[in-house]
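So the structure is just underneath, and the comments pick up after that.
The values are calculated or read from the model by the stated rules, or taken from the named source; none is laboratory data. Keep in mind that this is a model prediction, so the values were computed, not measured. Every residue, glycine among them, receives a Cβ derived from its backbone with ideal geometry; neighbour counts consider all protein chains shown. Ligands, DNA and RNA are stripped out before the accessible areas are found, and what is left, the full protein with its side chains, is counted by its heavy atoms. Shrake-Rupley method; radii C 1.70, N 1.55, O 1.52, S 1.80 Å.
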Amino acid sequence: MSVGRFNHNGVWAIYQFEIARALRTLGQSLVAPVISTSLYFIVFGSAIGSRMREVEGVSYGAFIVPGLIMLSLFTESLSNASFGIYFPKFTGTIYELLSAPVSFLEVVLAYVGAAATKSIVLGLVILATANLFVDVQILHPVWMILFLVLTAVTFSLFGFIIGVWADGFEQLQIVPTLIVTPLTFLGGAFYSISMLPTAWQKITLFNPMVYLISGFRWSFYGQADVSVGVSLAATFGFFALCLVVVGWIFKTGYRLKS
Amino acid sequence: MHSEKSAVAERDRRGEPGVGDRVLEIRGLGKVYAGGERALEGVDLDIRRGEIFALLGPNGAGKTTLISIVCGIVTASEGTVSVDGLDTVRDYRRIRPRIGLVPQELHTDAFESVWATVSFSRGLFGLRRDDRHIEKVLRDLSLWDKRKERIMHLSGGMKRRVLIAKALAHEPEILFLDEPTAGVDVELRRDMWELVRGLRTGGVTVILTTHYIAEAEEMADRIGVISRGRLILVEEKRELIKKLGKKQLRVELQEPLEALPAELGDLQVALLSEGHELELTFDANDERTGIPTLLRRLGELGIHYRDLSTRQSSLEEIFVSLVSERTEPRGAEAAP
Ligand SMILES: Nc1ncnc2c1ncn2[C@@H]1O[C@H](COP(=O)(O)OP(=O)(O)OP(=O)(O)O)[C@@H](O)[C@H]1O
Ligand SMILES: [Mg+2]
């Protein structure tokens, strides 16, 4: 009675468990982000946007859609994945995970897969919501999906790492609120980098979020702050970095086993 | 009789496991936690297939640590654990589906329903969904009526049952119960014992830890005593009981005796306290204890006595003396 090469029942059990958790808190996991996105549209899109000129041929309301989706994708992937693995550590139920015939990579696959699924669905829901307010075009749908999935997976991996590292609930919040959200706001979620003074443009290029947002926006409107190739490379680079860190956790058993 | 023997021989020839064989083998197991605290040292232990083994020891002795290493929750600092010759670290994917663990602490998913959390465990251990098995487990544990309840609404005893159900969801061959009756009322304790016996009948090997000697006596086939991270005694319960069966009768004499009278030579009598006391050792389980004989002969010999007392060394006493024996020399060892 061995589990064989791949414990698909085990991975599926964790995946379902995580999805069920989201469904149980549907308000928190879906309704809240939709409401806050709508608020963004009302404030930025309608109230301010009506006084703003178009950004490179796209209405301001439509221009901010990709940035808004990215912002939600970043924060929701992080919080979902970090909470998913942190909570069993906190309650002690992780004993079961550690004593089960699942490999660390299977655990990562299940948690990250579930968190990414949730944020992809969320991203699509936000896109649909946005479509109610403004006219959204998607020039390169395949690329759009690729960026969406890759970003969701990468930030879910990142969130998983944070969840493993965290020692308390406050620490779960540190990275999303102190690093990711500010960098996203400064990274051109709501404006084009070209609108900034030249010196700021240079500095902004050190912000990794610029590349992720820019590539995603390109898939919508065909316009980008940096070339798409660079965006894609940056996204893959970040993904690879997270994989390396996860691999290191795996090797050392860091913070999961005593 | 004959056919039974040849069946065993046949099984041995084919290398198949049988009842009573060694199923779990622990060698030189040691653990030093990150803080530098040594929790286990040089533990060697064999568990036989189908037995109930009770691990007895005071708080902090290392019982949970030992179980946690076997189950893969804690990494050993030294030593090995194997199940049917397979290393529990290297071959964990083959070993772990066969092992179930009920932890000491009530770690539960508060928001989950009983049914969901128990089915989850089955899947996690790599098994296909089987609602009938889950139903059976829940019924056996009197949890069926509670299957739709969220765990946080259950009492502590019910939560403990849920943890047992989770551990049984994947039909393990070896079950670890870490203090299954801690904080549990008398009725549930009886139920628990029943359950464990039922499991054993079904061929499951059970290893349980406890502080209660009565529990070990009631349940176990063999008993191991652990103290300060060392396994200091492993014995058949029957052997222990036999030792326990020995009682002593002390007879306090009015006048001290120079030597033991020859007339008492055929009895198990010794002269103690410089001739002030006689001690008769007898087996309480025997029909003839020898007490009436001794007292009659003393009367015939004109030996007067002041007082009589009997005593029995209980498992409790053996346990306490073993544990304290191991505690004291520590300081002495430290001095060169
Ligand atoms: N995670 C840990 N980190 C550091 N030290 C630990 C850890 N877990 C246990 N210990 C220490 O290891 C020793 C053995 O603990 P363990 O929990 O194995 O004892 P136990 O026999 O199960 O005790 P109890 O009967 O109280 O459950 C104790 O001194 C304890 O403080
Ligand atoms: Mg313990």
Quick one: how many residues across segment A:71-100 are under 18 Å from residue B:101 (Cα atoms) and touching a Phe, Trp or Tyr at 6+ places or on another chain (Cβ under 6 Å)? 1
Report yes if some residue within segment A:108-123 is surrounded by fewer than 22 Cβ atoms within 10 Å (Cβ to Cβ), more than 30 Å from residue A:252 (Cα to Cα) and β-branched (Val, Ile, Thr); otherwise report no. yes
Conditions first: (1) part of a loop (DSSP other than H, G, I, E, B); (2) open to solvent by 40 Å² or more (accessible area, probe 1.4 Å); (3) touching a Ser or Thr at 6+ places or on another chain (Cβ under 9 Å). Residue A:201 passes all but one, so which condition is the exception? (1)
Kindly list the number of the only condition in (1) buried (at least 19 other Cβ atoms within 10 Å of the Cβ); (2) more than 16 Å from ligand 2 (Cβ to nearest atom) that fails for residue B:80. (1)
Quick one: how many residues across segment B:252-268 are touching a helix residue (DSSP H, G or I) at 6+ places or on another chain (Cβ under 7 Å) and closer than 15 Å to residue B:293 by Cα? 4
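Answer yes if at least one residue in segment B:37-59 is within 14 Å of another protein chain (Cβ to nearest Cβ), touching a residue at least 12 places away in the same chain (Cβ under 8 Å) and in contact with a helix residue (DSSP H, G or I) (Cβ under 7 Å, 6 or more places away or on another chain), and no otherwise.
Step one: of segment B:37-59, the residues within 14 Å of another protein chain (Cβ to nearest Cβ) are B:37-40.
Filter once more, keeping what is touching a residue at least 12 places away in the same chain (Cβ under 8 Å): B:38-40.
Subset that is in contact with a helix residue (DSSP H, G or I) (Cβ under 7 Å, 6 or more places away or on another chain): B:39-40.
Within segment B:37-59 (the criterion being within 14 Å of another protein chain (Cβ to nearest Cβ), touching a residue at least 12 places away in the same chain (Cβ under 8 Å) and in contact with a helix residue (DSSP H, G or I) (Cβ under 7 Å, 6 or more places away or on another chain)), the answer is yes, since at least one residue qualifies.
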Among residues of segment B:85-112 being buried (at least 17 other Cβ atoms within 10 Å of the Cβ) and among the acidic types (Asp, Glu), the residue farthest from ligand 1 (Cβ to nearest atom) is B:112
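Report yes if some residue within segment A:88-98 is open to solvent by less than 10 Å² (accessible area, probe 1.4 Å) and aromatic (Phe, Trp, Tyr); otherwise report no. Walk me through how you get there before you give the answer.
Taking segment A:88-98 and keeping what is open to solvent by less than 10 Å² (accessible area, probe 1.4 Å), we get none.
Among the residues of segment A:88-98, not one is open to solvent by less than 10 Å² (accessible area, probe 1.4 Å) and aromatic (Phe, Trp, Tyr), which makes the answer no.
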Inside segment B:179-204, can you point out the residues that are part of a loop (DSSP other than H, G, I, E, B) and either within 16 Å of ligand 2 (Cβ to nearest atom) or of a type in the set (Lys, Arg) (or both)? B:179, B:180, B:181, B:182, B:183, B:184
Which residue out of B:203, B:229 is surrounded by fewer than 16 Cβ atoms within 10 Å (Cβ to Cβ), within 24 Å of the chain's Cα centre (by Cα) and in the same structural domain as residue B:71 (by TED's automatic domain parsing)? B:203
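If only one of B:274, B:252, B:258 is outside any helix (DSSP H, G or I) and either without any contact (Cβ under 8 Å) to a residue 24 or more places away in the chain or open to solvent by less than 30 Å² (accessible area, probe 1.4 Å) (or both), which one is it? Spell out the reasoning first.
Details: B:274 fails: outside any helix (DSSP H, G or I); B:252 fails: either without any contact (Cβ under 8 Å) to a residue 24 or more places away in the chain or open to solvent by less than 30 Å² (accessible area, probe 1.4 Å) (or both).
None of the others qualify; the one that does is B:258.
The rows are residues; the columns are (1) among the aromatic types (Phe, Trp, Tyr); (2) more than 9 Å from ligand 1 (Cβ to nearest atom); (3) surrounded by 16 or more Cβ atoms within 10 Å (Cβ to Cβ).
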residue: B:29; (1), (2), (3): no, yes, yes
residue: B:35; (1), (2), (3): no, no, no
residue: B:45; (1), (2), (3): no, yes, yes
residue: B:54; (1), (2), (3): no, yes, yes
residue: B:65; (1), (2), (3): no, no, yes
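Mind checking whether some residue in segment B:184-200 is within 16 Å of ligand 1 (Cβ to nearest atom), away from every other protein chain (no Cβ under 14 Å) and not hydrophobic (A, V, I, L, M, F, W, C)? So that I can check it myself, show each step before the final result.
Kept after step one, since they are within 16 Å of ligand 1 (Cβ to nearest atom), are these residues of segment B:184-200: B:184.
Checking which are away from every other protein chain (no Cβ under 14 Å) leaves us with B:184.
In the following step, the residues that additionally are not hydrophobic (A, V, I, L, M, F, W, C) were identified as none.
No, segment B:184-200 has no match at all.
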For segment A:126-138, does any single residue satisfy the condition of being touching a Lys or Arg at 6+ places or on another chain (Cβ under 6 Å), more than 14 Å from chain B (Cβ to nearest Cβ) and either farther than 19 Å from residue A:16 by Cα or outside any helix (DSSP H, G or I) (or both)? no
For a quick check of your reading: which helices (runs of 4 or more DSSP H) sit entirely within segment B:74-178 and have at least 3 residues that are within 8 Å of another protein chain (Cβ to nearest Cβ)? B:92-95, B:114-124
Looking only at helices (runs of 4 or more DSSP H) that fall completely inside segment A:1-104, which ones have 1 or more residues that are at pLDDT below 90? A:8-24, A:32-40, A:60-91
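With respect to residue B:234, determine if the residue is modelled with pLDDT of 85 or more, out of contact with any Lys or Arg (no Cβ under 8 Å at 6 or more places or on another chain) and either aliphatic (A, V, I, L, M) or more than 16 Å from ligand 1 (Cβ to nearest atom) (or both).
Values: modelled with pLDDT of 85 or more: yes; out of contact with any Lys or Arg (no Cβ under 8 Å at 6 or more places or on another chain): no; either aliphatic (A, V, I, L, M) or more than 16 Å from ligand 1 (Cβ to nearest atom) (or both): yes.
No.
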Going residue by residue through segment B:312-326, is there one that turns out to be modelled with pLDDT of 65 or more, part of a loop (DSSP other than H, G, I, E, B) and of a type in the set (Ser, Thr, Tyr)? no
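Mind checking whether some residue in segment A:211-224 is small (Gly, Ala, Ser) and open to solvent by 60 Å² or more (accessible area, probe 1.4 Å)? Can you show your working first?
Filtering segment A:211-224 for residues small (Gly, Ala, Ser) gives A:214-215, A:219, A:222, A:224.
Narrowing further to those that are open to solvent by 60 Å² or more (accessible area, probe 1.4 Å): none.
No, segment A:211-224 has no match at all.
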Consider residue A:182 against the criteria (1) closer than 30 Å to residue A:107 by Cβ; (2) modelled with pLDDT of 85 or more: it satisfies all of them except one. Which criterion is unmet? (1)
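Given the criterion of a type in the set (A, V, I, L, M, F, W, C), open to solvent by less than 40 Å² (accessible area, probe 1.4 Å) and either under 23 Å from residue B:109 (Cβ atoms) or touching a His at 6+ places or on another chain (Cβ under 9 Å) (or both), identify the matching residue among B:216, B:169, B:220.
Values: B:216 fails: either under 23 Å from residue B:109 (Cβ atoms) or touching a His at 6+ places or on another chain (Cβ under 9 Å) (or both); B:220 fails: either under 23 Å from residue B:109 (Cβ atoms) or touching a His at 6+ places or on another chain (Cβ under 9 Å) (or both).
Just a single option satisfies the conditions, and that option is B:169.
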